[in-house]
Structures are given as C-alpha cells and as structure tokens.
C-alpha cells in the first residue's frame, strides 16, 4: 500500500456545525491508524482551509471560557504538535482581511511546525496528490 | 409585526432575509452569523448591515471565535445573553432563526 495521502479540506466556519471540527480531529487521528497498517505502510494527511473555512483560524478563541468546549485554536495547535501539514488559502485570507499573525502557532507547546499560508494552486496540488479528498 | 431574526450562518441567509417584511426588524447575529458584524469580504461589509438600523451581535460568540467586541462594525450593538433575553421579551413580538 505504501504511503496513502489524504486531503482534509475545511470550507465552512467552525462551531456552528460539528463537521468542520471533525476534519481537524480526524486529521489528527491519522497517528492512531498506524496500528492497523502493515509494516512500511503510512498515512499522510494534509489539512487545508479554504473559503469560509479560513474564518475559524483566528487566535485568542474563548470557546472554553464561554461555552466550555475545546476551541478550534487548541485543535490546530495539536495538529502542529504532531507535525501535520496545515495549509491555509492565501487568497481567501486576503479576501476576509485575516493576516498571518492573526493565526495561532504552537511554539508554547514545543512545536516547530507552523501553519502554512499557501496559494490555492498549492492546495489544489495537495488534493491532486491525495488518494482521498474529504470535504468538510 | 415586530420580528427578530437570528442569523447564525455567515452565508445562505440573504434570500430569506430579503423577503422578510416587518414594521420593526431586528437582526441578532449569533454563532457564525457574527462574521457579518466583524468581517469584511473583499473590503466590503456585509449587506445585511444595511437591512435595518436594529442590529445586534452576541459578544460571547464574537469572543469564542477569537475576535473582540471592538472588531464589530459601528452600526451593530454588541449584546450579551442577558441583553438578548431583554430584546426577546421587550422589543419583539416574534422570533425567527435562519
């Protein structure tokens, strides 16, 4: 089987529905899949945010304080901590006036990985390279 | 009819809202609807902000999404849950959630 690439594409904002969050938690869960694979087989997910999906990426989310639910920001940090590739559409960030420094990193948790702002063409490439594309 | 419409999505609400008529129309932005009050698309504020003068946005939902009350358009009054209860009981006869 070799390496199976998956593209998780988030196109909706967070919190109102569960699906856009599930994209993130499912992507993180790729590590647990390893116990079901043969030696040498791997799964490599890429988490992509496009369209309104980029709206859920701002840091400073108070979801735990106000609603006692884990924030999307926390899930994103966990993605970076497990070295997941996170691509955010550059054009859509510009469309909604969100700058790169408005998004979280996970340096405080010891992660080197950072969210990558990428043109849609790069996200398109990630989708083309993936065996399975999952839209949320 | 005094109608308060809870707008809980950022998109997919225009067609319905455009057809709703009320003597006094209030729009209360909650959940992902708060992006109408905080976020410009290609530099343009949401057209819903021109629909009525009675615009409200829920502070808890703004902050949940990493934004601040100060990010809200000047035309929109930032309210908390207690204020929303007052609006429901004192200002509007009927409610819709779209």
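Odds and ends about this structure:
- Considering residues of region B:60-70 that are touching a helix residue (DSSP H, G or I) at 6+ places or on another chain (Cβ under 8 Å) and surrounded by fewer than 17 Cβ atoms within 10 Å (Cβ to Cβ) only, the residue farthest from the other protein chains (Cβ to nearest Cβ): B:69
- Residue match in region A:126-133 (condition: at pLDDT below 95 and in contact with a helix residue (DSSP H, G or I) (Cβ under 7 Å, 6 or more places away or on another chain)): yes
- Pick from region B:1-28, criterion within 12 Å of another protein chain (Cβ to nearest Cβ) and modelled with pLDDT of 80 or more, ranking: surrounded by the fewest Cβ atoms within 10 Å (Cβ to Cβ): B:6
- Test: residue in region A:81-104 that is out of contact with any strand residue (DSSP E or B) (no Cβ under 8 Å at 6 or more places or on another chain), crowded, with 18+ Cβ neighbours inside 10 Å and farther than 23 Å from residue A:120 by Cα: no
- Flag if residue B:57 is touching a strand residue (DSSP E or B) at 6+ places or on another chain (Cβ under 8 Å), more than 12 Å from chain A (Cβ to nearest Cβ), under 29 Å from residue A:73 (Cα atoms) and free of Cβ contacts under 8 Å to residues at least 40 places away in the same chain: yes
- Flag for residue A:24 being in a helix (DSSP H, G or I) and more than 16 Å from the chain's Cα centre (by Cα): no
- Screening residue B:88 with (1) part of a loop (DSSP other than H, G, I, E, B); (2) more than 13 Å from the chain's Cα centre (by Cα) gives one miss only, at (1).
- Hits in region B:38-54 - residues which are under 23 Å from residue A:17 (Cα atoms), at the interface with another protein chain (Cβ under 10 Å from one of its Cβ atoms) and out of contact with any strand residue (DSSP E or B) (no Cβ under 8 Å at 6 or more places or on another chain): B:39, B:40, B:41
- Flag if residue B:31 is surrounded by fewer than 16 Cβ atoms within 10 Å (Cβ to Cβ) and within 14 Å of another protein chain (Cβ to nearest Cβ): no
- Flag if residue A:69 is modelled with pLDDT of 90 or more and within 18 Å of residue B:33 (Cα to Cα): no
Condition check ((1) away from every other protein chain (no Cβ under 13 Å); (2) at pLDDT below 95; (3) out of contact with any strand residue (DSSP E or B) (no Cβ under 7 Å at 6 or more places or on another chain)) across all residues:
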residue	(1), (2), (3)
A:11	no, yes, no
A:19	no, yes, yes
A:40	yes, yes, yes
A:44	yes, yes, no
A:54	no, no, no
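- Meets criteria (at pLDDT below 90, surrounded by fewer than 18 Cβ atoms within 10 Å (Cβ to Cβ) and either part of a loop (DSSP other than H, G, I, E, B) or within 14 Å of chain A (Cβ to nearest Cβ) (or both)) for residue B:95: no
The values are calculated or read from the model by the stated rules, or taken from the named source; none is laboratory data. The structure presented is a predicted model; accordingly, all values stated were derived computationally and were not measured. Every residue, glycine as well, gets a Cβ built from its backbone with ideal geometry; the counts of neighbours run over all protein chains shown.
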